[in-house]
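Each remark here refers to the structure printed beneath this line.
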C-alpha cells in the first residue's frame with residue numbers, strides 16, 4: 001500500500017491506495033498554514049474498515065511536520081480514535097468536538 005498526495009488548492013488529499021487491487025482504500029483531506037495542519041476529513045471505504053487503514057492515514061498526517069499543531073472537528077463518537085494519536089479535546093458542542101494535537 002502507498003499514500004499518494006494530490007494538491008487541490010486549497011486542500012491536499014492523501015489517498016491510501018492498494019495498487020495490487022488498483023483501489024483507493026481511504027483518504028484524508030487537509031489544509032496547511034504556517035503553524036497549523038487542519039484535518040478536514042478522514043474516510044475509509046466501508047469494505048476496507050477495521051483493517052488499520054485509518055491508522056495508516058493518521059500516522060502519515062502526524063508525520064508531515066512535527067512543528068505544527070494539527071486541528072480537527074469531529075463527531076462525539078470519534079473522540080477515542082483521535083485520542084490514540086495524542087489529540088486533546090478543546091471544545092465540545094452539542095454534536096461536534098474540536099480537538100488538537102500540539103507539536
## Note on the structure
Scanning the stretch 1-13 for residues that are part of a strand (DSSP E or B) and either at pLDDT 95 or above or out of contact with any helix residue (DSSP H, G or I) (no Cβ under 6 Å at 6 or more places or on another chain) (or both) gives 2, 4, 5, 6, 7, 8, 11, 12, 13
### Task
Give the residue that is farthest from residue 92 (Cα to Cα), with candidates limited to residues of the stretch 45-75 that are in a strand (DSSP E or B) and in contact (Cβ under 8 Å) with a residue 24 or more places away in the chain.
69
### Query
Within the stretch 38-47, which residues are under 10 Å from residue 71 (Cβ atoms) and modelled with pLDDT under 95?
none
### Query
From the set of residues in the stretch 16-29 that are in a strand (DSSP E or B) and out of contact with any helix residue (DSSP H, G or I) (no Cβ under 9 Å at 6 or more places or on another chain), which is farthest from residue 46 (Cα to Cα)?
29
### Message
Return the residues of the stretch 39-73 that are out of contact with any helix residue (DSSP H, G or I) (no Cβ under 8 Å at 6 or more places or on another chain), farther than 18 Å from residue 3 by Cα and surrounded by 15 or more Cβ atoms within 10 Å (Cβ to Cβ); say none if nothing qualifies.
### Response
68, 71, 73
### Query
Taking the stretch 74-103 as the region of interest, how many residues are surrounded by 12 or more Cβ atoms within 10 Å (Cβ to Cβ), more than 15 Å from the chain's Cα centre (by Cα) and closer than 20 Å to residue 33 by Cα?
1
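The values are calculated or read from the model by the stated rules, or taken from the named source; none is laboratory data. Everything quoted here is computed from the prediction, not taken from an experiment. Neighbour counts run over all protein chains shown; Cβ positions are idealised from the backbone, glycine included.
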